[in-house]
Amino acid sequence: MLKNIDPLLNADILYALAAMGHGDEVVICDAHFPADSVARQTVLGKVLCIDGASAPRAVRAILSVLPLDTFVDDPAGRMEVVGDVSTLPAVQRKAQREVDQAEGKATPFVSIERFAFYERAKNSYCVIATGKARGYGCFIFKKGVQLAADEPEGGAR
């Protein structure tokens with residue numbers, strides 16, 4: 001066990017998150033998402049699992065180590081409810097709270113139509129499946145950069 005690392009983050013997930021570069025995307029999905037077939041088309045090429053955890057709990061774990069991209073308007077996306085763009089199911093409201101807490105500010109999800117979500121997910125770095133059957137527990141996050149405390153903005157010295 002490592003100190004200060006969420007216990008949901010296994011070695012495979014930590015490796016994938018660390019290997020991602022600025023602008024790469026990670027998908028967190030529920031049991032209804034075609035995780036295996038989509039993951040085969042990602043950079044990593046296989047599905048990763050956080051078994052037994054809800055999507056909001058997985059979001060909390062992942063965002064505890066993954067900085068979101070601050071250079072884009074929409075670093076966090078959610079699969080929209082089919083036929084009802086404005087509805088936010090409970091799982092998405094809970095995940096939104098986790099995102100806002102991790103970022104220390106409101107960072108609203110952008111809504112992504114179901115089939116557009118699938119296509120975008122295929123171009124992600126990796127897919128992390130929770131195995132929970134709560135519908136619409138599917139999210140995409142764009143990785144940002146985390147500057148060292150002694151490094152000036154922009155990396156110049």
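The values are calculated or read from the model by the stated rules, or taken from the named source; none is laboratory data. In this text, all values refer to a predicted model and were calculated from it rather than measured experimentally. Here Cβ is always computed from backbone atoms with ideal geometry, including for glycine, and neighbour counts include all displayed protein chains.
For this structure, a couple of remarks:
- Condition check for ALA53: within 20 Å of PHE115 (Cα to Cα), under 15 Å from the mean Cα position of the chain (by Cα) and touching a residue at least 60 places away in the same chain (Cβ under 8 Å): no
- Considered as a group, the residues in segment 1-36 that are hydrophobic (A, V, I, L, M, F, W, C) and assigned to a loop (DSSP other than H, G, I, E, B) include one that is modelled with the lowest pLDDT, and that residue is MET1.
- Taking residues in segment 118-135 that are under 14 Å from GLY77 (Cα atoms), and partners anywhere that are at pLDDT below 95, not one pair has Cβ atoms closer than 9 Å while being at least 6 places apart or on different chains.
- Looking across segment 37-49, the residues that are outside any helix (DSSP H, G or I) and under 20 Å from ALA11 (Cβ atoms) come down to THR42, VAL43, LEU44, GLY45, LYS46, VAL47, LEU48, CYS49.
- Positions within segment 3-57 being closer than 11 Å to ILE128 by Cα, aliphatic (A, V, I, L, M) and out of contact with any Cys (no Cβ under 9 Å at 6 or more places or on another chain), in sequence order: LEU9, ALA31, ILE50
- Considering THR107, THR87, the condition of being at pLDDT 95 or above and among the hydroxyl-bearing types (Ser, Thr, Tyr) is satisfied by THR107 alone.
- Residue, nearest to ARG114 (Cα to Cα), within segment 67-104, restricted to residues that are in a helix (DSSP H, G or I) and aliphatic (A, V, I, L, M): VAL91
- Contacts under 6 angstrom Cβ, first residue in segment 32-45 being farther than 12 Å from SER124 by Cα, partner among the hydroxyl-bearing types (Ser, Thr, Tyr), 6 or more apart: none
- Residue in segment 128-137 that is β-branched (Val, Ile, Thr) and either in contact with a helix residue (DSSP H, G or I) (Cβ under 6 Å, 6 or more places away or on another chain) or modelled with pLDDT of 95 or more (or both) present: yes
- ALA39 being small (Gly, Ala, Ser), buried (at least 20 other Cβ atoms within 10 Å of the Cβ), modelled with pLDDT of 95 or more and under 12 Å from the mean Cα position of the chain (by Cα): no
- Matching residues, segment 11-29, being farther than 18 Å from LYS142 by Cα and in contact with a strand residue (DSSP E or B) (Cβ under 8 Å, 6 or more places away or on another chain): ASP12
- Members of segment 45-68 found to be more than 19 Å from ARG93 (Cα to Cα), surrounded by fewer than 19 Cβ atoms within 10 Å (Cβ to Cβ) and at pLDDT 95 or above, listed by number: GLY45, LYS46, CYS49, VAL65, PRO67
- Scanning segment 50-66 for residues that are over 20 Å from ARG120 (Cβ atoms) and part of a loop (DSSP other than H, G, I, E, B) turns up ILE50, ASP51, GLY52, ALA53, SER54, SER64, VAL65.
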